[in-house]
Amino acid sequence: MQLAQVCEILGGEKILGKKLESKMDLVELGSIGVTKNAVSHLANYLSLSWKQVAALLPVTERTLQRYTSHQHFNPTVSEQVLHIAEVLAKGTEVFQEKRKLLLWLNTPHKVFSGNTPFTMLGSRFGTELVLEELGRIEFGVYS
């Protein structure tokens with residue numbers, strides 16, 4: 001698990017308020033809630049607007065904009081943010097370059113019924129499918 005990379009994608013220990021050392025840390029962070037600052041770092045990592053971020057999360061663009069930098073999102077939003085960060089960390093590890101990962105995320109694939117992996121990140125099940133596919137790519141098993 002690439003917990004250090006997840007932490008970095010979300011702004012680091014200072015933004016998250018803790019070091020991520022185990023899956024249990026993700027559980028705790030999900031229940032406490034990630035801050036708007038962490039979501040902002042995720043958006044910057046992907047070069048997304050708030051509208052594009054809102055399309056991936058169970059929250060409106062207006063709500064994203066209304067939150068203050070240090071305000072925590074609810075567990076549902078927070079867990080989706082953490083799932084997306086996990087996918088990005090795994091993808092960065094598999095492709096070894098952020099640029100290559102972003103290209104793959106924005107390319108339609110048959111395994112996702114012609115959708116892009118990026119569009120799959122809007123649901124927990126979609127993020128799981130993308131993680132599974134990244135695992136197959138990592139081990140040279142292409143669908």
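Read-outs throughout are calculated quantities, based only on the coordinates presented, and are distinct from any laboratory measurement. The structure displayed is predicted, hence computed values, not measured ones. Neighbour counts run over all protein chains shown; Cβ positions are idealised from the backbone, glycine included.
Couple of notes before you dig in:
- Qualifying chymotrypsin sites (Phe, Trp or Tyr not before Pro) in the range 38-143, where qualification requires a DSSP coil assignment and no more than 14 other C-beta atoms within 10 Å, comprise 139, 142.
- Centre-to-centre, using Cα atoms only, the range 64-86 and the range 98-141 are separated by 22 Å.
- Straight-distance crosslink candidates among lysines, where the alpha carbon sits under 24 Å from residue 100 and sequence neighbours closer than 8 are dropped: 51, 90, 110
- Helical contribution to [θ] at 222 nm, DSSP H n ≥ 4, -39,500 (n - 2.57), averaged over the chain, rounded to 500: -19000 deg cm²/dmol
- Taking the chain as a Gaussian network of alpha-carbon nodes connected by springs under 10 Å, the highest mean-square fluctuation of the residues 111, 94, 53 belongs to 111.
- Enclosed volume per residue, in Å³, of the convex hull spanned by Cα atoms of the range 3-138: 97 Å³
- The GNM of the chain, with springs linking C-alpha atoms under 10 angstrom apart, assigns the highest mean-square fluctuation among 70, 83, 41 to 70.
- Kyte-Doolittle mean at least -1.0 and Cα axial length at least 24 Å: DSSP H helices in the chain: 75-95
- Inter-probe distance in nm under a simple model that places probes 7 Å from Cα toward Cβ, at residue 62 and residue 125: 2.9 nm
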